1. Hey, fewest Cβ within 10 Å first, where do ILE316, ILE441 land in order?
2. Quick one: Karplus J couplings for the stretch 19-24, per residue in order, coefficients 6.51, -1.76, 1.60, θ = phi - 60°, nearest Hz, x for Gly and Pro?
3. So which lysines can LYS485 reach, going by Cα to Cα under 21 Å and dropping same-chain residues fewer than 8 places off?
4. Relative contact order of the stretch 234-362: what whole-number percent is it, with Cα pairs under 8 angstrom and at least 6 residues apart?
5. I'd like the orientation of helix 226-238 relative to the chain: the angle between its Cα long axis and the longest Cα principal axis, in ° from 0 to 90, rounded to 10.
6. Per residue of the stretch 72-82, in order, report the coupling 6.51 cos²θ - 1.76 cosθ + 1.60 (Karplus, θ = phi - 60°) as ³J(HN,Hα) in whole Hz, putting x for Gly and Pro.
7. Going by the alpha-carbon gyration tensor, a ≥ b ≥ c the square roots of its eigenvalues, is the stretch 382-426 rounded (a/c under 1.5) or, if a/c is not under 1.5, prolate (a/b greater than b/c) versus oblate?
8. With the cut-off at 1.5 for a/c, could you classify the stretch 421-626 from its C-alpha gyration tensor as rounded, prolate or oblate?
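Laboratory data are not the source of any read-out in this text; all were calculated from the coordinates shown. In this text the structure is predicted, and so the values were computed from the model without any measurement. In this analysis, Cβ positions are derived from the backbone assuming ideal geometry, glycine residues included, and neighbour counts consider all displayed protein chains.
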Amino acid sequence: MRYREYHYRWIWTLESSPEKLWPLVSDTDRFNHDAGVPTVELLATRQGSLDQVRRLRQVWMGVAVEWEEEPFEWIRPHRFGVVRRYLSGPVAEMRVMAELTPQPGGGTQLSYQVTAQPRNALGALAIPVQVGWLCARKFCAVFKAYDRLATHRQSSFDPSSNDLPSTAHLAPGGLARLSAVRQKLLDQGAEPELVGRLIETIEQSDDLSLIWMRPYALADCWGASRRSVLELCLLATRAGLLDFRWNLLCPLCRGAKRSSSSLSGIQSQVHCDSCHIDFTVNFDRLVELAFRPNPAVRQIESREYCIGGPQVTPHIVAQQLLPPQTERSATITLDEGRYRVRARGSPGSQFLSVADDGPTQATLCLSAAGWPEEELCLAPKSELRWENETSTEQLLILERMAWSDQAATAAEVTALQLFRDLFATEALRLGEQISVGSLAILFTDLRGSTRLYREIGDATAFALVMDHFKVLREAIAAEEGALVKTIGDAVMAVFRRPAAALRATLRAQQALATPPGGAPPLMLKAAIHYGPCIAVTLNDRLDYFASTVNIAARLAGLSLGGDVVISTAVHSDPEVADLLDQLQGGLTAESFEATLKGFDAERFELWRVLPASAKALALSSDWLSQSKPATEAR
């Protein structure tokens, strides 16, 4: 006997725009949690043309049900949906579709549709009660709460401001630990307001919000400095309030495939079961630092309420499941930038560039021969026609190439002075080498330090050298860099950006040249190079290795003191160019060429940056003779 199909459609008029509502409404894992839907268990992934049909189980009111779920389909920020075919239980099939339509006067009309086919008489009785009445009431409360959040939080979900019911519980003694840690963080100079927000979040948020706390996302929600929140989380970890873990992200789905509590647990080669690819880990994109409460303060249970959904892969702006030899059209709104369309399980891809002057129509066609080679250009709002000319069902994916800037990557964190101070033993396994992308490498040395020891005595000179390290450390930390190591009187430091390295160096040179209290001035030699680096472990500490490091070290030998020798890679950086333009009256940048030891076959174009007032000193010393264009490193 076939029972009649039930169809429900609810419509809400909300104040927020589709763009602001989308991150909340399309987060199906959180939505199901907030709506009181039971947790799900992934049983298997069925092998097929997509290798993406998942088998899941859920328990509703004591009754276990299993189903197979096709991949979600969506077009951000307008609609998403999914089809579930049940293998057991009172329901045979269920289809869900949510649509967000902008209104002429502002706001959004949110339509949520559920179509359910009963399997038996119990299903015919349960669907009107469970879906038609109970779910409708819960869904209404959740969507209206999301509307309030989107209105006030600019589409960023702030767990501590959620007015939906929470079941947060602190561990035994957790309240006392919170109080003690609060005072400890304040004593260490943390901002009182941020400490209060962090404590409030841990006290009041649900488990789902605290499984992975991303410091940059928290900072954006709180309207605070990202660096301040990251450093607060690092201090809170050292104080025992938080634990951190390094998440290893797949380059395709960008999900966390592995997690490690220390850098020593990171391996350079990782496999993604979802995408069926092996990939090489790098620090600048694929390793992210996230936090969660320490179990002594609050126990967090990791539960899943939905396996799929658009927010599992937020970089994917559209995903369409097309049967063989079919096509589909849709209007899509894209931000400017580069995109890629690919098909799950099929090789190759096609690139797209979105710009204001692009055409408003395009066809994305996958044929038996693969994707076309030419790159398409599109306007931000375009009509896309999706075509599947193959003989099999295809999941077509349109994704942003740019990565989220809300990730605190390992490349950033390990180049932060506070991290190295608090977690000095964090290092890779011996022999492991992992790319960190491009870094600015600074080498410094004191000019005339040997003469200084001879003239003022070992003890006094040593004290001055130690003070000089302190000045350097403070200048480096102020520009979000990190002092990697000292070698005699020399220092090696790293920065994410060349301009930050130059500012830190100039600040340190000025402080050392004009010390307070009548102390003798110190002349600092310095050099900066920018390029790709590899993270390694040397002497039980995280260090860096590459030609970039070797070149920076060689450039330091060309510095005369009071100047900064920079490579063309540094000089051509837009931020450095702006900095030199802004300080045009106070700085000069003179070009010269040199060969470097170990790089004898290559002649380097370099630049010597020095204060304009230092030219008088150069004319009365050996500076001029040593800075001729043909200078060579010995």
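1. ILE316, ILE441
2. Couplings: 4, 7, 6, 3, x, 8 Hz.
3. The reachable lysines, counting only those whose Cα sits under 21 Å from LYS485, are LYS470, LYS525.
4. 18 percent
5. Approximately 90 degrees, to the nearest ten.
6. 3J(HN,Hα) across the stretch 72-82, in whole Hz: 4, 10, 7, 9, 6, x, 10, 6, 8, x, 7.
7. Note, shape of the stretch 382-426 comes out prolate.
8. oblate
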